[in-house]
Amino acid sequence: MDLDFLKMHDAHIPQERLRLAIEENRILIIEENEMIGWLRFSFFWESIPFVDMLFILEPFRGKQYGTDVMHFFEREMFVQGFKELMLSTSSEEYSQHLYLQLGFKTVGGFFPINEPYEIMMVKNLIGKVEKR
């Protein structure tokens, strides 16, 4: 995995935490002959998979990569015994519409300091995981 590439594009967390996420296999890389994007996750309450970041590079947006990696992630987490997923997204980001289409429900939100409203979302995986 290209740590330098991720550091350049994922400036939301300190380098040491990014390195740790890589070591703990909490980053899914989306590739097709080149880097397309990634999904980074952690665990809310140490027990619920939480999508920290889903990022698709600009030339590849709108081509189903985000949807595909989310379906893959949902299946993987369900197979590992998790019953729900969580994530948050800025109210100013288009991604909230993708998550709603994928079956996530808005469960609240908050105002980070000097940032727009952050929407909290959850998806129940029981009986809803795509069987692709």
Original post:
List the pairs whose first member sits in segment 90-112 and is on the phi > 0 side of the Ramachandran plot and surrounded by 12 or more Cβ atoms within 10 Å (Cβ to Cβ), whose second member is basic (Lys, Arg) and modelled with pLDDT under 95, and whose Cβ atoms are under 8 Å apart, counting only residues at least 6 apart or on separate chains?
Top reply: GLY103/LYS128
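Just for strands (runs of 3 or more DSSP E) wholly inside segment 41-125: which have at least 2 residues that are farther than 25 Å from ILE22 by Cβ?
On the way: elements: 48-56, 84-90, 105-110, 118-124.
The qualifying strands (runs of 3 or more DSSP E) are 105-110, 118-124.
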**OP:** Find all pairs meeting these conditions: Cβ atoms under 6 angstrom apart; at least six residues apart or on different chains; first residue within segment 19-34 and within 16 Å of PRO49 (Cα to Cα); second residue assigned to a strand (DSSP E or B) and basic (Lys, Arg).
**Re:** ALA21/ARG40; ILE27/ARG40
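Test GLY37 against the criterion of being in a helix (DSSP H, G or I) and touching a strand residue (DSSP E or B) at 6+ places or on another chain (Cβ under 7 Å), and give yes or no.
Working: in a helix (DSSP H, G or I): no; touching a strand residue (DSSP E or B) at 6+ places or on another chain (Cβ under 7 Å): yes.
Against the criterion (in a helix (DSSP H, G or I) and touching a strand residue (DSSP E or B) at 6+ places or on another chain (Cβ under 7 Å)), GLY37 does not qualify.
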Original post:
With respect to the numbered conditions (1) in contact with a strand residue (DSSP E or B) (Cβ under 9 Å, 6 or more places away or on another chain); (2) over 18 Å from PRO49 (Cα atoms), which one is the sole condition not fulfilled by GLU92?
Top reply: (1)
**OP:** Please identify the pairs in which a residue from segment 118-129 that is within 13 Å of HIS71 (Cα to Cα) and touching a residue at least 24 places away in the same chain (Cβ under 8 Å) has its Cβ atom under 8 Å from the Cβ atom of a residue that is among the basic types (Lys, Arg) and part of a strand (DSSP E or B), counting only partners at least 6 apart or on another chain.
**Re:** LYS123/LYS105
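So which residues in segment 2-36 are under 20 Å from GLU58 (Cα atoms), hydrophobic (A, V, I, L, M, F, W, C) and surrounded by 11 or more Cβ atoms within 10 Å (Cβ to Cβ), if there are any at all?
Listed by number, the residues that qualify are LEU3, PHE5, LEU6, ILE27, LEU28, ILE29, ILE30, MET35, ILE36.
Without any contact (Cβ under 8 Å) to a residue 60 or more places away in the chain, over 23 Å from LYS128 (Cα atoms) and of a type outside the set (Asp, Glu): does that describe GLN15?
Numbers: without any contact (Cβ under 8 Å) to a residue 60 or more places away in the chain: yes; over 23 Å from LYS128 (Cα atoms): yes; of a type outside the set (Asp, Glu): yes.
So GLN15 passes the test.
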Original post:
Applying the selection to segment 47-59, what residues are at pLDDT 95 or above and over 12 Å from the mean Cα position of the chain (by Cα)?
Top reply: SER47, ILE48
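The values are calculated or read from the model by the stated rules, or taken from the named source; none is laboratory data. These figures come from a predicted structure and were not determined experimentally. Here Cβ is always computed from backbone atoms with ideal geometry, including for glycine, and neighbour counts include all displayed protein chains.
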